[in-house]
1. As an exercise: evaluate Trp147 against (1) modelled with pLDDT of 75 or more; (2) surrounded by 13 or more Cβ atoms within 10 Å (Cβ to Cβ); (3) not charged (D, E, K, R) and give the number of the one condition it does not meet.
2. Take Ala182 and tell me if it is under 30 Å from Phe110 (Cβ atoms), at pLDDT 70 or above and either over 41 Å from the mean Cα position of the chain (by Cα) or not β-branched (Val, Ile, Thr) (or both).
3. Check the stretch 122-139 and report whether any residue there is exposed (fewer than 11 other Cβ atoms within 10 Å of the Cβ) and farther than 30 Å from Leu71 by Cα.
4. Out of Gln132, Gln84, Gln88, Gln77, which single residue is free of Cβ contacts under 8 Å to residues at least 40 places away in the same chain, touching a Lys or Arg at 6+ places or on another chain (Cβ under 9 Å) and not aromatic (Phe, Trp, Tyr)?
Amino acid sequence: MTPPGADEASPPETPPPPCEINHPPPPPAVVVPVGSSRIEQNALGICALLAALAIIWVARPVGIGILLGTLTAFTVQPLYRRLQGRWQRPVLAALVCVGATTLTMGLGLFGFGSLLIGRGMSRAHDLGTALQPGGSVRHLLERVGRWMAHLGLAPQRLAEQLGDAVTGSRAVWPTWPPWWPAPRSRSC
């Protein structure tokens, strides 16, 4: 029994016999001498290893820059695509992305540097105060004086040298950066 609406005149499709299917001709056989292919493979492997070592040797001094540049490129690419699609000017979109990246990195490095130097100068001032006679570090150096004498270090001389170095750094950079608050003296 056939379902209603089925066309009884069309026979079911049958695949053609395998002998009638057009297969592409097989590729020509390549005759490679057995000994030379092994030598060529070894030579190619050695050359690839030497090339990888050369790339690492060249990239070693600037490896961090290459890493940061790659990460920045992948981070900024969606912004570039959006600007390029909106403005239809790829050069302008690239310049905006490069300018924004440069400004961001520059401000970040400036902020980090000012924090590092500003806090470092504050800590140097604290160290200079602690090295004064009666200061906490001077007291600590006097307590371990006998142990340091065995090493050939005189605690009095070490305290004076550290104090001179701190005083010299304060003379060079009395208040840097200029907007940074002056170090407060701590009294304990």
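1. For Trp147, the failing item is (2).
2. Working: under 30 Å from Phe110 (Cβ atoms): yes; at pLDDT 70 or above: no; either over 41 Å from the mean Cα position of the chain (by Cα) or not β-branched (Val, Ile, Thr) (or both): yes.
The answer is no for Ala182.
3. Checked against the condition, which is being exposed (fewer than 11 other Cβ atoms within 10 Å of the Cβ) and farther than 30 Å from Leu71 by Cα, the stretch 122-139 yields at least one hit.
4. Details: Gln84 fails: touching a Lys or Arg at 6+ places or on another chain (Cβ under 9 Å); Gln88 fails: touching a Lys or Arg at 6+ places or on another chain (Cβ under 9 Å); Gln77 fails: touching a Lys or Arg at 6+ places or on another chain (Cβ under 9 Å).
Exactly one residue qualifies, and that residue is Gln132.
The values are calculated or read from the model by the stated rules, or taken from the named source; none is laboratory data. Just so it is clear, the model here is predicted, and its values are computed rather than measured. All Cβ positions, glycine included, derive from the backbone under ideal geometry; neighbour counts span all protein chains shown.
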